[in-house]
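J.: Take this structure first; my questions come after.
What follows is calculated from the coordinates using simple rules that are stated; it is not laboratory data. Computed from a prediction, not measured in an experiment: that's the story for all the values here. Here the Cβ positions follow ideal geometry from the backbone for every residue, glycine too, while neighbour counts run over all protein chains shown.
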Amino acid sequence: MKLFFSALTKMLFGIALIGVMLFLPAGTFDYFGAWLFIGLLFVPMLILGTVLFIKAPDLLKKRLDFKEKEKTQKGVIALSGLMFFAGFVLSAFDFRYGWSRVPLPAVIVASVLFLVGYGMYGEVLRENAYLSRTVEVQEGQTVVSTGLYGIVRHPMYLATLLMFLPMPLILGSLWGVLVFLPYPAMIAVRLLNEEKLLEKELCGYAEYKTKVKYRLVPFVW
């Protein structure tokens, strides 16, 4: 029950926080993009959280724990949080004052990409029971090399790219896109720092790197 209430509390807090960041600067609740985004984010989150609570409560507990200890990772997380705040608030102001307009087909494509990323996120959780939100090597952890991990070494980060980069378009803002452009660079820093730790502390990871050459995007990097 403690895990249940922890997960529920954090989800409700997330809904409230994002609601404040979007509806307050928008000056209205009549903001379709904000409602669309909240639905796309939290409905799958509720479904996925329920599945994890029933089938993999230990993994859910790891995902709820995001107290990063490594200095570089702390910096990336702090910058990411600032980016999200600025991107959401700017997108809401964009809606309020009509600085830009995103065509409906672009909103639909962005929403589909977001859901594809969410689906990939769920699949990664299914494949990797050691997946925590902090960079660490856990006791008994082994290298996962099947499924999406047989295509790229960090499919979770690829999933976040598919989810996060389209967010401003879902919110109906072109200006918000500019704020999210540094996100791939942030992911690259986090990823490279994580690989140093994994290669040093996770048995078999160096061999895995020789088998799966691409870190994030197939045939690119």
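J.: Note the full-extension length gain between residue 35 and residue 109 as 0.36 nm times their separation in residues minus their Cα-Cα distance, in nm to one decimal.
T.: Once the chain is fully extended between residue 35 and residue 109, it gains 25.0 nm.
J.: So what's the back-of-envelope 222 nm ellipticity for the chain, counting only DSSP H runs of four-plus at -39500 (n - 2.57) apiece and dividing by all residues, rounded to 500?
T.: Value at 222 nm, helices only, nearest 500: -23000 deg cm²/dmol.
J.: If the cut-off is 20 Å between C-alpha atoms, which lysines fall inside it for residue 2, apart from same-chain ones fewer than 8 positions away?
T.: Within the straight-line cut-off, residue 2 pairs with 10, 55, 61, 62, 67.
J.: Ok, one more. Would you work out if the stretch 2-211 is rounded, prolate or oblate? Take a ≥ b ≥ c from the square roots of the eigenvalues of the alpha-carbon gyration tensor; rounded if a/c is under 1.5, else prolate when a/b is larger than b/c, oblate otherwise.
T.: Prolate, since a/c reaches 1.5 and a/b exceeds b/c.
J.: Residue separation times 0.36 nm, minus the C-alpha to C-alpha distance between residue 15 and residue 217: what's the value?
T.: That pair, residue 15 and residue 217, stretches by 69.7 nm at full extension.
J.: Something else about it: If you add up the charges near residue 24, with Lys and Arg at +1 and Asp and Glu at -1, over every other residue whose beta carbon is less than 15 angstrom from its beta carbon, what do you get?
T.: Result for the local shell: -1.
J.: If packing is taken as the mean number of other Cβ atoms within 10 Å per residue, what is the order of 101-107, 193-199, highest first?
T.: 193-199, 101-107
J.: Right, something else. Give me the compactness ratio for the stretch 1-62, meaning the Cα radius of gyration over 2.2 N^0.38 Å.
T.: Compared with the compact-globule rule of thumb, the stretch 1-62 sits at 1.30.
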